[in-house]
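This report refers to the structure that appears directly beneath it.
Every number here is computed from the coordinates shown, using simple stated rules; none is lab data. These figures come from a predicted structure and were not determined experimentally. Ideal geometry is used to build each Cβ from the backbone, glycine not excepted, and the neighbour counts take in all protein chains shown.
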Amino acid sequence: MPRKKEHEGTRPQLGLRRSWRLLNAFRNEAVDPQAFGLIMAEDTVDLLSKFIDLNDKKIVDVGGGSGYVSEALRSKGADAFTVEYDEREMTLGEHGFAGGMRGDGRYLPIRTNCVDLSYSSNVVEHVDGPSLMLHEMVRIVRPGGIIYIAFTNWLSPWGGHETSPLHYLGGERSAKIYERRYGVAPKNFFGKSLFKLHVKDVLYWAASIPEVRIESVFPRYYPQWTYPIVRVPFLREFVTWNLVLVLRKVADG
């Protein structure tokens, strides 16, 4: 087992009011996706600012859809842009896709050591070969910079995304049940656009990379008093819902 390098001192102090606001946003995402995108972008800016001064920093949002997060970051003085693979996702925002490019997160069209922060939320679980994307996010960040990764772990209640909680019956089976029930295939189809990703595997990967150290690990949507759950193997796989892993690059990749 690689040496554990988690630094316990850097953890955002997040309250119950914030968690409730995010929960309501999720519940209304289907009917008001723009409001959801704006709330999540605002929350992202607040979280990232706890780890790095955003002003004048070069930031890339990997898999950032139509660019809500990058737009919010630019409003705070950052030089932020989006890399998005799916053309359909680029057109979801009413503000249009600006300040971005099309690209595969596993092969980012960005030079090594050239950005201050690489960010990704709810993307890596949709990637076949997630370690390729994670390594790319480390590669493009200059030493001293931040890699911020958030993802929905498979065994959490929302691990199957729209097929949840049927995903506990198996990814392929849950997709078939969903299609019979609603008459359409799920957007996130297991084995094609959604893959099993576990907390322990991502933490193991991070601890094995010599050019980074772990700054913080915490459940994104939960209040501060729940943070200890990420230290409990097995339990964290089921109750975390969405894990945030923050890395600091300490050496050239």
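For the listed peptides 211-221, 182-192, a ranking on the average number of other beta carbons within 10 Å per residue, highest first, reads 211-221, 182-192. Once backbone amide H atoms are built at 1.01 Å from N, residue 140 has 113 as its partners under 5 Å, excluding neighbours fewer than 5 places away on the same chain.
How long are the semi-axes of the ellipsoid equivalent to region 141-251, from square roots of 5 times the Cα gyration tensor eigenvalues, in whole Å, largest first?
30, 16, 11
Of the DSSP H helices in the chain, those that are both long (alpha-carbon extent of 15 Å or more along the helix axis) and hydrophobic (Kyte-Doolittle mean at least -1.0) are 16-27, 33-48. For region 48-174, the equivalent ellipsoid built from the Cα gyration tensor has semi-axes of 27, 17, 14 Å, listed from largest to smallest.
Per residue, the average separation of C-alpha pairs within less than 8 Å and at least 6 apart gives region 86-207 a relative contact order of 22 percent.
Please state the equivalent ellipsoid semi-axes for the chain: what are the square roots of 5 times the Cα gyration tensor eigenvalues, largest first, in whole Å? Working shown, then result.
Numbers: eigenvalues 135, 97, 70 Å².
Rounded to whole Å, the semi-axes are 26, 22, 19.
Per-residue Karplus couplings for region 64-72, computed as 6.51 cos²θ - 1.76 cosθ + 1.60 with θ equal to phi - 60°, are listed in order as x, x, 7, x, 4, 5, 4, 5, 5 Hz, Gly and Pro entered as x. Looking at this model, which pairs from 58/200; 50/196; 176/196; 58/196 are more than 21 angstrom apart at the alpha-carbon? Over 21 Å Cα-Cα: 58/200; 50/196; 58/196.
Less than 12 Å Cβ to Cβ from residue 76, Lys/Arg counted +1 and Asp/Glu -1: what total charge do the surrounding residues give? If you can, show how the numbers build up before the last one.
Values: positive: 57, 74; negative: 42, 46, 53, 56, 71, 79.
Local charge sum for residue 76: -4.
Take every Cα pair under 8 Å whose residues are at least 6 apart in sequence, average their separation, divide by the length of the chain, and the relative contact order is 21 percent.
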